[in-house]
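Below is one structure, written out as structure tokens; comments come after it.
Just so you know, all these numbers are worked out from the coordinates, no wet-lab data involved. Source: prediction; values computed, not measured. Every residue, glycine as well, gets a Cβ built from its backbone with ideal geometry; the counts of neighbours run over all protein chains shown.
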Amino acid sequence: MNTLKKYFCSSIGRKQIVALTSLALIVFVIVHLAGNLFIFLGAEAFNHYAASLAQLRPGLYIAEAILLILFLIHIVFTATLVIENRKARKNRYALQPACSEATRSWSTRLMPLTGTVILIFIITHLLDFTFADHEGSRSLLFGESMGLYGVVVNSFRDILHSSYYILAMFCISSHLIHGVESFFQTFGLNHTRYTPLIKKISVLFGLGIAFGYSSIPVYVIIKFGSP
């Protein structure tokens, strides 16, 4: 028990937990994107995908609960590490005034801001789609009820809503870039030969996810226009 407590209290232990929860959340982001891309196949395919997910309940509630716990653990442990790092940097700056923020990546420096945007987005996203009435007035598309497909289309036909969604996706992209790099670094998978390649792959992966998600509102606006 003491060993486990020391692990959770140690900086290395918490970094590894953050890295592992990041990996789990990255897998979710990929799977979720794959499901969302069914929208390009039309209302029937997209609603069938949504209905198939709904049929997995109540088991799906367990998966969602685990995901929520991982997300909360990730936030708490990341916050404690950020606070500790800021205190450590202040001490280093006092001893070495020449140190600069420029040595830190842009994704790392923007994490507090992008993290706040992501947290707000998750709440609004759940309210917009997960907890929304899929058969109500928001599902009506040109006078016909289109289920969740109609809810999504009507939401993204709003330019402001789509812009906010795209902004959130690039904030998530920033976190993914940092997360992939940090995962390899945390577990000591660094090498002068491979680390630059890992950084490039993390950037491509993060941007790929952002563009993949962002393609959905762009597609909706192009196909259906704004109301």
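Can you compute the FRET efficiency between GLU44 and ILE122 using 1/(1 + (r/R0)^6), with r the Cβ-Cβ distance and R0 = 22 Å? Round to the nearest 0.05.
Values: r = 28 Å, r/R0 = 1.28.
With a Förster radius of 22 Å, E is 0.20.
Which residues make up the longest stretch of the chain that has no trypsin sites (Lys or Arg not before Pro) in a DSSP loop with at most 14 other Cβ atoms within 10 Å? Kindly include the intermediate steps, with their values, before the conclusion.
Details: sites that count: ARG104, ARG193.
Longest site-free region, per DSSP loop and neighbour criteria: 1-103.
Once you've got the GNM for the chain with C-alpha springs shorter than 10 Å, pick whichever of TYR61, TYR49, TYR213 has the biggest mean-square fluctuation.
Checking each option, the largest mean-square fluctuation is seen for TYR61.
Would you mind checking the stretch 165-188 for residues with the amide N under 11 Å from a putative spin-label position 7 Å along Cα→C-beta of ILE201?
Counting only backbone N, you get 181, 184.
Fewest Cβ neighbours within 10 Å first, please rank THR124, THR3 accordingly. Mind showing how you got there, number by number?
Numbers: THR124 13, THR3 6.
Going from sparsest to densest Cβ surroundings: THR3, THR124.
Can you show me the helix-derived [θ] at 222 nm for the chain, built from DSSP H runs with n ≥ 4 at -39,500 (n - 2.57) apiece and divided by the number of residues, rounded to the nearest 500. Write down the numbers at each step before the final one.
Values: 9 runs with 170 residues, N = 227.
Computed mean residue ellipticity for the chain: -25500 deg cm²/dmol.
Hey, what did the chain get for relative contact order, percent, Cα under 8 Å, at least 6 apart?
Values: 178 pairs, mean separation 58.1, N = 227.
Reported relative contact order: 26 percent.
How big is the Rg/Rh ratio for the chain, C-alpha atoms only, Rh by Kirkwood, two decimals? Mind dumping the intermediate values first?
On the way: Rg = 20.5 Å, Rh = 19.8 Å.
Taking Rg over the Kirkwood Rh, I get 1.03.
Mind listing the long-range amide H neighbours of MET146? Cut-off is under 5 Å, sequence gap 5 or more, other chains count too, H placed in the peptide plane at 1.01 Å from N.
Correct list: LEU140, LEU141.
Can you compute the FRET efficiency between PHE131 and LEU23 using 1/(1 + (r/R0)^6), with r the Cβ-Cβ distance and R0 = 25 Å? Round to the nearest 0.05.
Details: r = 27 Å, r/R0 = 1.10.
After rounding to 0.05, the efficiency reads 0.35.
Treating cross-link reach as a plain straight distance, find the lysines whose alpha-carbon is under 19 Å from the alpha-carbon of LYS6, omitting any fewer than eight places away in the same chain.
LYS15
Show me the ranking of peptides 16-22, 177-183, 75-81 by mean Cβ neighbours inside 10 Å, starting with the highest.
The packing order, highest mean first, is 177-183, 16-22, 75-81.
How are the C-alpha pair distances of the stretch 1-93 spread across 5 Å bins, as whole percents from the shortest bin up?
Going out from 0 Å in 5 Å bins, the stretch 1-93 shows 3, 11, 14, 16, 15, 11, 9, 7, 6, 4, 3, 1 percent.
Can you put PHE71, PHE40 in order, fewest other beta carbons within 10 Å first? Please list the in-between numbers first.
Working: PHE71 16, PHE40 12.
Ascending number of Cβ neighbours within 10 Å: PHE40, PHE71.
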